[in-house]
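See below for the structure under consideration.
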Amino acid sequence: MSKRRFYITTAIPYVNGDPHLGFALECVQADVLARHRRLRGEQVRFLSGTDDHSLKNVEAAVAAGVGVAEFVDAKAARFAGLREPLELSYDDFIRTSRDPRHRPGVERLWRACAASGDLYERYYEGLYCTGCEAFLGPAELVEGFCPEHRQAPEQVSERNWFFRLSRYEGRLLELIESGRLRIEPEQRRNEVLGFIRGGLEDFSVSRSQKRARGWGIPVPGDPSQVVYVWFDALGNYISALGYGAQGVLYGEWWQRSDERLHVIGKGIVRFHAVYWPAILLSAGEPLPTAIFAHDYLTLDGQKLSKSLGNTHDPADVAARHGSAALRWWFLRDVPRSGDADFRDDLLAARANELANGLGNLVNRTITLIARYRPQGIAPVDPRATESLVLHAAITRTPGEIDAALSRFDIKAAAAALWRLVDEANRFVATTRPWELAKAENSGEAGAVADLDVALSILGDACGTLARELHPFLPAASERIERALGENDTELGRRLFEKAAPSG
Ligand SMILES: [Zn+2]
């Protein structure tokens, strides 16, 4: 039987500024889902990248007095550089301006939509928010400002190419209502359904070369226009698979994969759940199977945003507190829906939780086994009375994690893992293996078997924790596995050394 194939992507951020914690959150969430599926034996392909062709990038380069390509290269390198500090496991990273696979993919997508009769030219006037890279209707403005970016949109009038979105209203509704295109959480799904039911208007999918300052992919057959950045950016999910060149990967991972999941922020749901599926329907290609939208991180109650300027560099935070602490805070504290407020002291508390709860448990277990059973533990009955509760927790935990992650509830999955840590610590506190060892030394009846049972079940709990921890904290999981495998008490003492705050 062939393995299930799971394709997962992050959104590709604009590179008009440095990466912020919100994007780091998204990368880590997607990474957990990808690693979890790999752990369960599925075939996984995980894609991230950068959106180089945004007008915002052009404006930022002009403001910095640097050439656009040079500016974009430097910023994109900062995003790609998050791979190590965040322990990301993506298989591919696409840069839409540089990657030779991208432009042919966007051109093919454009031609496919044109062949379906869904692209037409029209003169257009409207209010454009460069922050959103979208035209906004008067009803979407708050006191004349874009509510997302808190800036006034500019009046734009030009001849553009339009996409016949209106034609796909019924099919999109049917796909989303039937769950064939799954949108999570429910609140986002309802927003999308409400938006579609309100009536879909055709949208502009090109910009004049002049306004784009020549930056972007020229419209096939109309070099006076460049392809609208969203049409361009959304195409990355398939251009990276070689869609433009009819590549093998495209067939394997888009046309014939079992699941295709986009992990995105709540601000861009409409682009992913309405525009993108409509473009794919027009092009005659399969749709994503699911879209998971996370909420935002705030910093002292303020939205983290490049345009608002209150950024925290994720690489700096990881260097200060350790990658494990940063990942663990994202996974343990950020809810499936609802914003989460980032604070250094909350992160430090999670670092301490790891060191005190999990680090101590593993360290104690290794030390006890090294001291009392250096030659190994005799086979025991795992159903021995005193270990029943812990044994049940060990058996139950992987299924609980699977169930939580199938709902994209990463916080619940991390909590399930932590319940096993708590259960194992409770077991140590109640069985007190060092006292069993004293009883064994003084020749008490049954003490040998009791200690065997206690150390055996603790070893099992730590082994399960190490394995199940892997998607969440890959490097720490590997350290725990090595320490357990080699009964390395020295390594056991240093498991979360880097996770502890340095000062
Ligand atoms: Zn905006």
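Some points to look at:
- The set of residues in segment 117-156 being in contact with a Ser or Thr (Cβ under 7 Å, 6 or more places away or on another chain), acidic (Asp, Glu) and under 20 Å from Ala233 (Cα atoms) consists of Asp118, Glu133.
- Matching option when the condition is within 23 Å of Gly199 (Cβ to Cβ), surrounded by 14 or more Cβ atoms within 10 Å (Cβ to Cβ) and in contact with a helix residue (DSSP H, G or I) (Cβ under 6 Å, 6 or more places away or on another chain), among Leu119, Leu88: Leu119
- Looking across Leu390, Leu326, Leu346, Leu361, one residue alone is among the hydrophobic types (A, V, I, L, M, F, W, C), under 24 Å from Cys27 (Cβ atoms) and surrounded by 17 or more Cβ atoms within 10 Å (Cβ to Cβ). It is Leu326.
- Tabulated pairs, segment 202-231, first on the phi > 0 side of the Ramachandran plot and surrounded by fewer than 24 Cβ atoms within 10 Å (Cβ to Cβ), second β-branched (Val, Ile, Thr) and not in a strand (DSSP E or B), C-beta under 8 angstrom, 6+ apart or interchain: Arg213/Val58; Arg213/Val62; Arg213/Val68
- Counting only residues that are closer than 19 Å to Ser206 by Cβ and of a type in the set (D, E, K, R), segment 132-162 holds 4 of them.
- Restricting the search to helices (runs of 4 or more DSSP H) fully inside segment 388-499 and requiring at least 2 residues that are of a type in the set (Val, Ile, Thr) and either in contact with a Ser or Thr (Cβ under 8 Å, 6 or more places away or on another chain) or over 18 Å from Gln375 (Cα atoms) (or both) gives 388-406, 410-431, 447-469.
- Single residue of segment 133-172 satisfying the filter (touching an Asp or Glu at 6+ places or on another chain (Cβ under 7 Å) and under 17 Å from Gly199 (Cβ atoms)) that is farthest from the ligand (Cβ to nearest atom): Arg167
- Residue that is of a type in the set (Val, Ile, Thr) and either modelled with pLDDT under 95 or in contact with a Ser or Thr (Cβ under 8 Å, 6 or more places away or on another chain) (or both), where the choices are Val58, Val32: Val58
- Listed by first and then second residue, the pairs with beta-carbon distance under 6 Å, at least 6 apart or on different chains, first residue in segment 330-358 and under 18 Å from Leu495 (Cβ atoms), second not in a helix (DSSP H, G or I), are Leu331/Phe472; Ala348/Pro501; Ala351/Ala500; Ala351/Pro501; Leu354/Phe496; Ala355/Phe496; Ala355/Ala500.
- Test result for Arg256, in contact (Cβ under 8 Å) with a residue 40 or more places away in the chain, out of contact with any helix residue (DSSP H, G or I) (no Cβ under 9 Å at 6 or more places or on another chain) and basic (Lys, Arg): yes
The values are calculated or read from the model by the stated rules, or taken from the named source; none is laboratory data. Note that this is a predicted model, so its numbers are computed, not measured. Cβ sites come from the backbone with ideal geometry, for glycine too, and all protein chains shown count toward neighbours.
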